[in-house]
Amino acid sequence: MEAAQLNRYGFSLRYKDGRAVLVVSPEKERLRPVYADDIAARMRILGIPPVSARKIREIINRESGMPEALIDWPAGAQLSAHVTVNISEDGMKAEVVVQPPRPGGAPADREMIDAALSEKGVIKGFDEEALQALLGTGNSGYSRIAAWGKAPVKGRSERTECLFVTRRGKPWKELNSGRIDLKELNFIQNRKAGELLAQHIPAIPSKDGFDVLGNMIEAEIPEDEILIEAGEGVLETEEGLTAEIDGNVRLAEGFITVEPMVIVKDVNYSTGNIDFDGSVSVEGTVADGFTVRATGDIQIGKTVGRGQL
């Protein structure tokens, strides 16, 4: 409203800090001359107490383009913009709502917005971009989330990440028909000496949060995880757990081991096919349709069905 009035009449009247102030645009920026009678008429419309015509003419002649005090006008505060702050129930957001000023009233400024936030107890998480946007709207009736809380972040304990399949006995191979091959169960996982089997993942500390009122929100502390240790055939290195020998890697009771020889009771749907870079000992039988492959010796304790060795 003030900008439109300046463009059209070359002057504006408004409330500021308990007074009525007059702004007169420089001659090169206005479309017409500014007349004291026009200013006096506008003052009567807004209910501003009268001042001398001489004082008005002095301000017109200065054409400073800056607000110049005319007279005390406490009633003008009723015309000014109104700022409301709404805090969310969880205290994580503070919304600022600016009600536009009526003609002659002062627009909301940063001081007014800061005072409204302070009155509501908002002290953290200010969004400067949102606050600037509120001031840049011309106070045409606008709202913004002007402060945000920060949620706590639960950390993570130090843990061991295995670089092999730990759930043996789970079918993994798909046939051309789209069905799962129940004879391929990841029972054997060949590894060479020097291969990394598991790595230690360092802990990530928890981070406390806060709400817009400055209250701390304590982060949950994660429970300690049981770290996996090196078993037979495995070395502890800076990188993690590394195979010391060639063999089959497996995880059991919190230990990673590498076994140079695979010993099974039977070869059937509980083990799947056996394909091992080493020696295999089958204490019982090899069921029909199953295969045992090994680069070393194959020992069968009992019988072999219609399978392959």
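Residue by residue through the range 73-122, note down the ones that are assigned to a loop (DSSP other than H, G, I, E, B) and at pLDDT below 90. Within the range 73-122, S80, A81, P100, P101, R102, P103, G104, G105, A106, P107, A108, D109 qualify.
Yes/no per residue for (1) among the charged types (D, E, K, R); (2) crowded, with 19+ Cβ neighbours inside 10 Å; (3) at pLDDT 90 or above:
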position	(1), (2), (3)
E239	yes, no, no
I245	no, no, yes
V249	no, yes, yes
E253	yes, no, no
I263	no, no, no
D266	yes, no, no
Y269	no, no, no
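Of the listed requirements (1) at positive phi; (2) under 48 Å from the mean Cα position of the chain (by Cα), E63 misses just one: (2). Residues in the range 195-218 that are closer than 16 Å to P152 by Cβ and of a type in the set (D, E) were compared, and the one that is surrounded by the fewest Cβ atoms within 10 Å (Cβ to Cβ) is E218.
Go through G254, G289, G301, G272 for me and flag whichever is free of Cβ contacts under 8 Å to residues at least 40 places away in the same chain, over 30 Å from A203 (Cβ atoms) and not hydroxyl-bearing (S, T, Y). Step through it out loud before you land on a result.
Details: G254 fails: over 30 Å from A203 (Cβ atoms); G289 fails: free of Cβ contacts under 8 Å to residues at least 40 places away in the same chain; G272 fails: free of Cβ contacts under 8 Å to residues at least 40 places away in the same chain.
After applying the criteria, what remains is G301.
The requirement of being in contact with a Leu (Cβ under 9 Å, 6 or more places away or on another chain), surrounded by 12 or more Cβ atoms within 10 Å (Cβ to Cβ) and assigned to a loop (DSSP other than H, G, I, E, B) is not satisfied by I39.
In the set V51, V34, only one residue is assigned to a loop (DSSP other than H, G, I, E, B), in contact (Cβ under 8 Å) with a residue 24 or more places away in the chain and not assigned by TED's automatic domain parsing to the domain that holds I123; that residue is V34. Across the range 123-138, the qualifying residues are those that are buried (at least 16 other Cβ atoms within 10 Å of the Cβ), part of a helix (DSSP H, G or I) and in contact with a strand residue (DSSP E or B) (Cβ under 6 Å, 6 or more places away or on another chain), and the one among them that is modelled with the lowest pLDDT is L134. Among the residues of the range 56-89, write down those that are among the acidic types (D, E) and without any contact (Cβ under 8 Å) to a residue 24 or more places away in the chain. Within the range 56-89, E58, E89 meet the criteria.
Condition check for I221 on (1) modelled with pLDDT under 90; (2) among the hydrophobic types (A, V, I, L, M, F, W, C); (3) surrounded by fewer than 12 Cβ atoms within 10 Å (Cβ to Cβ): one failure, at (1). A residue that is part of a loop (DSSP other than H, G, I, E, B), more than 30 Å from A116 (Cα to Cα) and of a type in the set (D, E, K, R) cannot be found anywhere in the range 204-213. How about the range 185-206: which of its residues are in contact with a Phe, Trp or Tyr (Cβ under 8 Å, 6 or more places away or on another chain) and modelled with pLDDT under 90? Across the range 185-206, the qualifying residues are L185, N186, I188, Q189, N190.
The values are calculated or read from the model by the stated rules, or taken from the named source; none is laboratory data. Model, not experiment: these values are computed from the prediction. FYI the Cβ positions are ideal-geometry reconstructions off the backbone, even for glycines, and counts take in every protein chain you see.
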